[in-house]
Structure formats: C-alpha cells, structure tokens
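Right, one structure below, let's go through it.
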Amino acid sequence: MTRIDNHGGPAEAAITVRGLVKHYGETRALDGVDLDVREGTVMGVLGPNGAGKTTLVRILATLLAPDGGEATVAGRDVRRQPRALRRAIGLTGQYASVDEKLAGRENLYIIGRLLDLSRKAARARADELLERFSLTEAATRPAGTYSGGMRRRLDLAASLVGHPEVLFLDEPTTGLDPRTRNEVWEEVQRMVGDGVTVLLTTQYMEEAEQLASELTVVDRGKVVAGGGIEDLKARVGGRTLRIRPVEPERVRPLADRLDTLGITGIARCAVDAERDSVLVPILGDEQLTAVVAAVGDSGVTVASITTELPSLDEVFLSLTGHRAGREEAADSVVRQEVAV
C-alpha cells in the first residue's frame, strides 16, 4: 500500500509483515505480528526482554525461518528470496560481531570482499566508512583493543559496507555510556538522511523518542499498539493521574475499583509496582474530578495524588501493564539457538 512521506510524496513500504508466527514448543515468540515500515523512516519496535523483538529481526534478516505468515523486505520475500534479500540489508545486533583479532580496516575489507566488491572497491569502501565513523586513526589496530563505543561504531560501519536499503538495529546501544549512545544516535540519523530505512528495536524510551518517526509496541509476541509517538500518548490520555496509597497493598484493589466504575473518558488504569502507585490516564478536569471523588469514596488513605504529562514510559506501562525492562524467556531461547 502506498503511503505519504513527510514531504507529501508517495512512500512505499520498505518492510511489510503479515501474520508472522514463530514458536518454540509451547512458547510463541511471535504470535501473528503485522508491521509496515515506510521507506526512509525509522520504525521503533519497543518491548521488554522476551517480547519477540529479536525474533522478529532475525526472521526479517533471514537468520530464522518463520512458522507462519509472510514478510517482505526491500521488495524481497524472506522465504523465497533470502539470498537477494541479504544483499539489500544490514544488521547490527546487541553485541559487536566484528573479529577482534583483525584490524578495523581488515574487518571492513573482508566484508566488502564477501559482498563481491573488487579489492580496490573494498579498500575504498573500508577507508570511506572508517573516516565517516571517526576510526581512521585506529584503522590498523586490532578491533579487540577498541573501546566499547569504537567497537559499536565499527559494527555499524560493517553493516553499511554493502550500501543497504534497509538496516536492522537490534538494541544497538545496550550497555553503552550516554556519550557513546548519543554518537550512535547521530550516526543513525545520518543514515536515515542518506535514505536508509531503519528498523530499531529498543527498551529505551528516550531512544525511541529520539530516533523513531513511528512506533510499534510488542508484548508477549503480539503487537499491542502502533503509530506516531504523539498519537500513542494521546491514546493514553492528555495527562496521567498518579495515585499513591499510604498502604502499598491497596494499590491493586484501588486500580481494580477504578476500572470497574467505568468513569467516562478514562482509559484502563495501570499499576506502577516500582513506585506503589496507580496510573490513571485522563483527558481533562471532568475526569480528574470524577477520579478524585471515586478515590475518596473508596476508603483508601492516599499519600499523594499528582498529575503528569504522559511519557513514553507511561504509555508502555498503560498499554502492557508493566515496564519495558521485565525479563521474559522467548527471545532468550532465540539467542541461545542462534549462538549454537
């Protein structure tokens, strides 16, 4: 389906996914995922560990075979055209994939040769990327001597050797310090400026807001929400009412009570277990007054009630009922399988 890009012209879908399924025994890592990513944009796929993000990336990169559904990337079918598809994509995972015994230039040169570049073209492309990622001075040093940030930049450079149409970034800033993370963000923005389509998986709310033009929220192998970041915030409500009872054990009963009252104009409540509070998305003063009155009638002693503008963190919490850092098992199974 043709879409409209930010400049008013038609933008084709660079990635199209319909009903994608992947299971391991009784565990469904993906359970009927649908996804569209427009050309020249960043799609952020947000979810906790085990939500299915890595599984999705590995299927789209032809590293795993799906058990059901269809997917095309850069016009190539992941099942029927895997070799052609691999030439159109780049992939940077959570951990550096470069050979630490080889120098930075050697890593990039070898990748260029594997992509059928001539010796001259492979050397030229390696030098071009080393300069772009500020690695020229370290070009002859073994990658194992690089700092974490330098290795991550080399990893990104490696994913660009073949001039990919679509780039998959699977939690690319995991474990990086804030300064290095900002450097990676700048490079991603530069890639998109060059016309590359990026699918970015992340657990960092700030990263999603910084880079993504659209967002897909996944949880337990399913897409639970999608759209522009501001659209998602609007779905949760114009403001969030945070209610903290004096007794932490009253948090869940209070949330259940507010949900059963069916107050007009408010979305479903969420429990923030880390801060022992109930989050109530509200649209205006009418809902605020109604919720405060309902809390007074509940008999729950309240320590504080505050209103906040919804952050992406609250959006995720409201949509899934938990924060994005919750540990699950599904994607861990995938990582173990690929490692084997």
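The values are calculated or read from the model by the stated rules, or taken from the named source; none is laboratory data. Please read these numbers as outputs of a predicted model, since none were measured by experiment. Cβ: placed from backbone, ideal geometry, glycine included. Neighbour counts: every protein chain shown. Remember, those area values only see protein heavy atoms, side chains included, never the ligands or the DNA or RNA. Shrake-Rupley method; radii C 1.70, N 1.55, O 1.52, S 1.80 Å.
Peptide packing for 55-67, 103-115, 250-262 was compared via the average number of neighbouring C-beta atoms within 10 Å per residue; ordered from the highest value, the list is 55-67, 103-115, 250-262.
Fully extending the segment from T307 to R18 would add 100.1 nm, taking 0.36 nm per residue of separation and subtracting the current Cα-Cα distance. Straight-distance candidates among the aspartates and glutamates for linking to K22, with alpha-carbon spacing under 12 Å and chain neighbours fewer than 8 residues away dropped: D31, D67, E70, D331. In straight-distance terms, cross-link reach from K120 covers every one of the lysines whose alpha-carbon lies under 24 Å from its own, apart from those fewer than eight places away in the same chain; here that gives K101.
The heavy atoms of V246 offer some 90 square angstrom of accessible surface to a 1.4 angstrom probe. Between S97 and T289, the FRET efficiency from the beta-carbon distance, with R0 = 56 Å, is close to 0.50. Per-residue SASA remark: D127, around 70 Å² accessible (1.4 Å probe; ligands, DNA and RNA not included). As a length-normalised measure over Cα pairs under 8 Å and 6 or more apart, the relative contact order of the chain settles at 21 percent.
Surface listing: T301, T140, T201 arranged by accessible area from highest to lowest gives T140, T301, T201, probe 1.4 Å.
Placing pseudo-labels 7 Å out from each Cα toward the beta carbon at S118 and D67 gives an inter-label distance of 4.9 nm. How much net charge surrounds Q81 when only the other residues with a Cβ under 15 Å from the Cβ of Q81 are counted, with Lys and Arg +1 and Asp and Glu -1? Taking every other residue near Q81 into account, the sum is +3. Sequence-distant contacts, meaning Cα pairs under 8 Å at least 6 residues apart, place the relative contact order of the stretch 194-252 at 17 percent.
Any chance you could run the full-extension gain for E186 through R132? It's 0.36 nm times the residue separation minus the Cα-Cα distance, nm to one decimal.
On the way: separation 54, 0.36 × 54 = 19.44 nm, distance 1.16 nm.
Result for the pair: 18.3 nm of gain on full extension.
Here the relative contact order of the stretch 78-192, from alpha carbon pairs under 8 Å that lie six or more residues apart, stands at 39 percent.
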